[in-house]
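**Student:** Can you keep this structure in mind? I'll have questions shortly.
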Amino acid sequence: MTAQENRFRSSGRKALGKPKGRGVEPTDLEWLDELLGGDALARDELIEHLHAIQDAEGCLPMARLVALAHRHRIPMAEVYEVATFYAHFDVVGDDEARPPATTIRVCDSLSCMLAGAEQLYTALEAGTDDTVRVLHAPCMGRCQSAPVVEVGHRHVDNATPESVVAVVESGERHPEMPSHTALEAYRAAGGFRTLAKCLSGELDADAIVSGLSDAGLRGLGGAGFPTGRKWSLVRETTGPRLMAVNGDEGEPGTFKDRHYLESNPCQFIEGMLIAAHVVEAEAVYLYMRDEYPAVLKILADEIAAVEAAGLSPHTTIHLRRGAGAYICGEESAMIESIEGKRGLPRHRPPYVAQVGIFGRPTLVNNIETLYWVPEIIERGAAWFADQGTNGSTGFRSYSVSGRVRDPGVKLAPAGITAQSLIDDYCGGMADGHQFVAYLPGGASGGILPAAKADVPLDFGGKLAEEGCFVGSHAVVILSDQDDMQAVALNLMKFFMEESCGQCTPCRNGTEKAVALMSEPEWDGDSLRDLATVMMDASICGLGQAAPNPLVSVMKHFPEVLA
């Protein structure tokens, strides 16, 4: 008799038999071990392993998830809750049919809606057979070429039913790889010289932090927190420290980070490694959205080249792949996802600079913020600071889309106005369109009428006085051919779909707002009351900012009200 059986007999209780729950099949374990390698798997790599299964099977069969839980040595419930949280995973039960071989995702963000995405969706749904499924999808970060469709992992820009069907019939599912400056060419032009000076001690860490502060560099992912100050706060904590890079560029209308990573990724990587050196981060976790498959391939290749060249001896780089969750652009939700969990925002304090990845002090920076670091150090703080206008400092990369003749990423002085962006950088309005309104900062930044097109587009200032913010500098231009009710409803539907569901004001508030806004005439009192509750009581910025477009439209376009 075993010791366990003897213990249960002496207590009068029945001995345990088989473990409760579903058993794992040896064939599923063998399959998983061949895919991932045997033995116990690292808990924080759970999402990476789910991706591997999804890529291999085209879905997540329940039997494979049971095997994955067994190898991770965690409850099946943990695997299931993570797998079902993210939009890009397809969990399939034993008695359920697998999804069709081909998935077409039609972007329904605002810029694509303006370009006819709904009509495109309807045509594709009617024109394909049961070997294809057509889904709505949130912003894919290609707003300058709307409408956009993704077939597998291949994007179709300026999509038409004919061009999408042609890609489906071609069988090509891999992303087109853009031409970019690879490591060898970047180093030949002087790249990584600044990092070498940092690692050798020629450049003092305190001097680097001071230089970034003097330059006025701020977090360019949306919050605008001063970069030098953030680095200082992390340096003041007790180590060991870590670093996270937020590449989850999911704000509708935003595509600037993709632009830089598809053209000059090594400048960003150098900036990232300089930051890791300054804050003494033992490891860097680079979190990149799954909607950017080409970027993920570029980064994997260039990081491997950097490591092979011995350019990152001071830290370890981990590239992590998101799985379709806008909420993971919030820094604490991103950290939860990096740890292999659902992307639920944390309550604060403590802040991630104090308690971040695995409970360690963590520096979090955005892609574009780090992109400018090497150039600011080399050219000097004054070079960057002197670029602004209307009282602002530095360059800004504005993602401009909508009703303009030449949309795209526009590198312009911080504090530029929407009117100047349209006239001087975008070739004016698109033919047949008159400027009526604009979004200064993506879906969450509010909406302003053309009469306020002279407001400087930067953090705080007059823009904040208007109840709006520049966020990630995504500017969407609207015209006289656009229905402002439909615009605001499109944005609220996005927030409803992307709410993580953790808090009631956001989860139920966005759903209720969509219902009220779907009425032909809006009940202003009810909507204002709902917006106040969401702004005051939501846990994170998603719920707090979701009412901004609604409130702006009611303020500046009162004809929408009953």
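The values are calculated or read from the model by the stated rules, or taken from the named source; none is laboratory data. If you're wondering where the values come from, they're calculated on a predicted model, not measured in any experiment. Neighbour counts are summed over all protein chains in view; Cβ atoms, including those assigned to glycine, are modelled from backbone coordinates with ideal geometry. Quick note on the areas: whole protein, heavy atoms, side chains included, nothing else; ligands and nucleic acids left out. Shrake-Rupley method; radii C 1.70, N 1.55, O 1.52, S 1.80 Å.
**Student:** Touching an Asp or Glu at 6+ places or on another chain (Cβ under 8 Å), under 29 Å from Gln485 (Cβ atoms), in contact (Cβ under 8 Å) with a residue 12 or more places away in the chain and crowded, with 19+ Cβ neighbours inside 10 Å - does that describe any residue in region 388-406?
**Tutor:** yes
**Student:** Another one. Anything in region 307-329 that is touching a residue at least 12 places away in the same chain (Cβ under 8 Å), within 21 Å of Cys198 (Cα to Cα) and in contact with a strand residue (DSSP E or B) (Cβ under 8 Å, 6 or more places away or on another chain)? List them, or say none.
**Tutor:** Thr315, Thr316, Ile317
**Student:** Turning to a different aspect of this structure: Quick check on this structure: which one of Ala146, Ala115, Ala83, Ala87 is open to solvent by less than 30 Å² (accessible area, probe 1.4 Å), under 28 Å from Pro549 (Cα atoms), in contact (Cβ under 8 Å) with a residue 24 or more places away in the chain and of a type in the set (A, V, I, L, M)?
**Tutor:** Being open to solvent by less than 30 Å² (accessible area, probe 1.4 Å), under 28 Å from Pro549 (Cα atoms), in contact (Cβ under 8 Å) with a residue 24 or more places away in the chain and of a type in the set (A, V, I, L, M) holds for just one of Ala146, Ala115, Ala83, Ala87, which is Ala146.
**Student:** Determine which single condition Ala304 fails, assuming it passes every other condition in (1) under 27 Å from Pro138 (Cα atoms); (2) out of contact with any Asp or Glu (no Cβ under 7 Å at 6 or more places or on another chain); (3) outside any loop (DSSP other than H, G, I, E, B).
**Tutor:** So Ala304 meets the others, but not (1).
**Student:** Report, by residue number, each residue of region 122-143 that is assigned to a helix (DSSP H, G or I), among the hydrophobic types (A, V, I, L, M, F, W, C) and open to solvent by 50 Å² or more (accessible area, probe 1.4 Å). Lay out the reasoning, then the answer.
**Tutor:** Taking region 122-143 as the starting set, the residues that turn out to be assigned to a helix (DSSP H, G or I) are 122-127, 143.
Filter again for among the hydrophobic types (A, V, I, L, M, F, W, C), leaving 123-124, 126, 143.
Ala126, the sole residue that qualifies.
**Student:** Being in contact with a Gly (Cβ under 8 Å, 6 or more places away or on another chain), crowded, with 20+ Cβ neighbours inside 10 Å and either part of a helix (DSSP H, G or I) or not polar (S, T, N, Q) (or both) is the filter here; which residues of region 90-112 pass it?
**Tutor:** Leu110, Ser111
**Student:** Being more than 19 Å from Pro252 (Cβ to Cβ) and buried (at least 20 other Cβ atoms within 10 Å of the Cβ) is the filter here; which residues of region 523-553 pass it?
**Tutor:** Leu527, Leu530, Ile539 - these are the residues of region 523-553 that are more than 19 Å from Pro252 (Cβ to Cβ) and buried (at least 20 other Cβ atoms within 10 Å of the Cβ).
**Student:** Condition first: in a helix (DSSP H, G or I), aliphatic (A, V, I, L, M) and open to solvent by less than 80 Å² (accessible area, probe 1.4 Å). Now tell me which residues in region 179-220 satisfy that.
**Tutor:** Taking region 179-220 as the starting set, the residues that turn out to be in a helix (DSSP H, G or I) are 183-188, 193-200, 205-215.
So of that shortlist, the ones also aliphatic (A, V, I, L, M) come out as 183, 185, 188, 195-196, 199, 205, 207-209, 212, 215.
Selection gives Leu183, Ala185, Leu195, Ala196, Leu199, Ala205, Ala207, Ile208, Val209, Leu212, Ala215.
Listed here are the residues, each with its yes/no results for (1) under 22 Å from Gly116 (Cα atoms); (2) touching a helix residue (DSSP H, G or I) at 6+ places or on another chain (Cβ under 8 Å).
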{"position": "Tyr398", "(1), (2)": "no, yes"}
{"position": "Ala414", "(1), (2)": "no, no"}
{"position": "Ala430", "(1), (2)": "yes, no"}
{"position": "Phe435", "(1), (2)": "yes, yes"}
{"position": "Leu448", "(1), (2)": "no, yes"}
{"position": "Ala453", "(1), (2)": "no, yes"}
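**Student:** Filter region 450-464 down to residues that are more than 13 Å from Ser552 (Cβ to Cβ) and of a type outside the set (A, V, I, L, M) and give me whichever is most open to solvent (accessible area, probe 1.4 Å).
**Tutor:** The extreme case among them is Lys462.
**Student:** Let me ask you something else. Could you grab me the full set of residues in region 365-383 that are among the hydrophobic types (A, V, I, L, M, F, W, C) and closer than 16 Å to Ser263 by Cα? If you could, list the steps in order and put the result at the bottom.
**Tutor:** Our first condition is that a residue be among the hydrophobic types (A, V, I, L, M, F, W, C); within region 365-383, this holds for 367, 370, 372-373, 376-377, 381-383.
Correct list: Ile367, Leu370, Trp372.
**Student:** Considering only region 486-522, how many residues are surrounded by fewer than 20 Cβ atoms within 10 Å (Cβ to Cβ) and touching a strand residue (DSSP E or B) at 6+ places or on another chain (Cβ under 8 Å)?
**Tutor:** Final tally of qualifying residues: 2.
**Student:** Next question. Considering only residues that are over 11 Å from the mean Cα position of the chain (by Cα) and buried (at least 24 other Cβ atoms within 10 Å of the Cβ), look in region 249-264 and name the one that is nearest to Arg105 (Cα to Cα).
**Tutor:** Once the filter is applied, the top-ranked residue is Gly253.
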